[in-house]
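Let me begin by presenting the structure, written as structure tokens, before commenting on it.
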Amino acid sequence: MSHSSMQRGLLATAAGGLCSLTASAAVDLLRKREISPVDLVEAAISRIEAIDPIINALPIRRFEQARVIARALKPATAAELEKPGWLGGLPIAIKDYNDVAGSPTTYGSPIYADNIAKRSDLTVANLEQNGAIAIAKSNVPEFAGTNTFNTLFGSTLNPWNTELTAGGTSGGSAAALASGMIWLATGNDIGGSVRIPASYCGIVGMRPSTGRVPRPTSLAPFDTLWVEGPMGRCVADVALMLDAQSYFDSRDPLSWPPPAIPYANAVRAPRAPQRLGYTGNLGLGEVEPEVDRLCRNAALIFADAGTAVDDAHPDFTGGFEAFQTLSANLITIVRGSLYQIGHQRVCPEIIGDIRKGLQQNGADLAHAERLRGELFIRLTRYFETHDILACPTASVAPYPVTQRFPDNREGTAQTSYLDWMYLTFVLSLTGCPSISVPIGTTCDGRPVGLQLLGKPRGDFELLSAARILEQLIGDIAVRTPASAANDPMELAVTCSTDM
């Protein structure tokens, strides 16, 4: 099937129905009992069966389990209806790095093809307690990577152009959202695994503050690079999901209590930041000129809301080295046993990370932590005069799905699959919340996201700024790829803050 015929197939099945609702609107209808969880489950199943044979975003299906759960849900109590983050039977996708009781957790690897989770992990269990129904698990790269493909399930394709990557590692989640198969999806992020797929698929993805969302039990409970985060079609949906995910759990020693004011309030009455700085490259590397132009124009539009916009940004010197060292250490702690399995059975990206981690010594780690500390001190000084830092989410627009990662960046050869991701992984070092908001497409129709970085634990203010951007851009954020082609059958959704 040609690309054009595949795209026409996507457009033809994209019209209306419950799948066109935002998550916030769907939950509001659930709250009013105007629809039921069964209605949403059946709508999602129908759309997944129509679309996913092309996109390959949701290879692990839980249709019958979802039907059983939906039918068994009892009417919500008054307290549940008022609870921030109540999802009331909304079907969601769970990334295949997370455990869902009774379903495989494969990590995209044949090694774990038969690994059935006995129980849902902390992140998933809390969403289930808030009324989420896990209807499918989303495709991932094998353990690590920036392009969602593996030898177990194959490649996830970008719904905007099926010749392009959906990004990684949360590419399956992002593609499922962009093609209207699901209302919300989980993601996790070390160096950009939520934000880059969000940018590449034209949806919203947030990396919350470190500890904001309790993480599954791991061998690295004190690591501050890895976070769990929400993904949705608009900022209001991401705020809704973050409310559902935010709680204190002693099993994650970095977690902290939910906010006194729900995150949903940040988008109901958003306030523009007083001062925002924009940088095209954090002073560190190359960016595709068209990506920089689109993102700069989107940042400048904040002035229409009264925000002072300038070109100031912190000095991120040392960010490359610090992240490369610390992330390799984390992966070695969690996945080091894979090194013994051998290169023939494990993807080269994860083997390379583990090899680097094993070769590092205490002096290397101490130096990386010092670089990170110096960077954070400079950032806190920056936030004394600025509220938000803005930059492109990715240095390149979506690239061919046949490439493992971009082999060059504006003529600069890449030495690692991580090099081109510096715009996200350097910001990960700060522990501050960041979010990717869709702001348009390149001249050849590839989605581009603007990344916003907030102050330490400034998740509420960040969501507010993201909603302001969404409003200024013109509510284009919540559209499936069909909208790029102006097709009358498009699944065009207007973002609403109504809950």
Original post:
Which of (1) touching a Gly at 6+ places or on another chain (Cβ under 8 Å); (2) assigned to a loop (DSSP other than H, G, I, E, B); (3) more than 30 Å from L87 (Cβ to Cβ) is the odd one out, the single condition G285 does not satisfy?
Top reply: (1)
**OP:** Please find, among G431, G440, the residue that is assigned to a loop (DSSP other than H, G, I, E, B), within 19 Å of the chain's Cα centre (by Cα) and on the phi > 0 side of the Ramachandran plot.
**Re:** G431
**OP:** With the condition kept exactly as written, say whether any residue in region 131-146 is under 30 Å from W86 (Cβ atoms) and aromatic (F, W, Y).
**Re:** no
**OP:** Out of the residues in region 257-281 that are touching a strand residue (DSSP E or B) at 6+ places or on another chain (Cβ under 9 Å) and surrounded by fewer than 20 Cβ atoms within 10 Å (Cβ to Cβ), state the one that is farthest from A466 (Cα to Cα).
**Re:** N281
Original post:
From R271, R335, which residue is among the charged types (D, E, K, R) and either at pLDDT 95 or above or in a loop (DSSP other than H, G, I, E, B) (or both)?
Top reply: R271
**OP:** Take region 338-370 and flag every residue that is of a type in the set (D, E, K, R), crowded, with 17+ Cβ neighbours inside 10 Å and either more than 20 Å from T148 (Cα to Cα) or at pLDDT 95 or above (or both).
**Re:** K356, D364
Subject >> Filtered residues of region 92-124 (kept if closer than 30 Å to Y263 by Cα, in a loop (DSSP other than H, G, I, E, B), of a type outside the set (D, E, K, R) and in contact with a strand residue (DSSP E or B) (Cβ under 7 Å, 6 or more places away or on another chain)) >> reply: Y97, N98, V100
**OP:** Go through A236, A269 for me and flag whichever is within 30 Å of C19 (Cα to Cα) and free of Cβ contacts under 8 Å to residues at least 60 places away in the same chain.
**Re:** A269
Original post:
Of all residues in region 371-413, which are over 25 Å from the mean Cα position of the chain (by Cα) and either modelled with pLDDT under 95 or small (G, A, S) (or both)?
Top reply: G373, E410, G411, T412, A413
**OP:** Within region 108-120, track down each residue that is touching a residue at least 12 places away in the same chain (Cβ under 8 Å) and surrounded by fewer than 22 Cβ atoms within 10 Å (Cβ to Cβ).
**Re:** P110, I111, A113, I116, A117, K118, R119, S120
Original post:
Looking at region 356-382, which of its residues are among the acidic types (D, E) and under 21 Å from I333 (Cα atoms)?
Top reply: D364, E369
Subject >> Any chance P259 is closer than 30 Å to A125 by Cα and not charged (D, E, K, R) >> reply: yes
**OP:** State which residue is farthest from E369 (Cα to Cα) when the search covers only region 303-358 and only residues that are free of Cβ contacts under 8 Å to residues at least 24 places away in the same chain and out of contact with any helix residue (DSSP H, G or I) (no Cβ under 8 Å at 6 or more places or on another chain).
**Re:** A303
**OP:** Having 2 or more residues that are modelled with pLDDT of 95 or more and touching a Cys at 6+ places or on another chain (Cβ under 9 Å) is the bar; report the helices (runs of 4 or more DSSP H) wholly within region 11-91 that clear it.
**Re:** 23-31, 37-55
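The values are calculated or read from the model by the stated rules, or taken from the named source; none is laboratory data. Not measured: the values here are computed from a predicted model. Quick reminder, even Gly has a Cβ in these numbers, built from the backbone with ideal geometry, and neighbours come from all protein chains shown.
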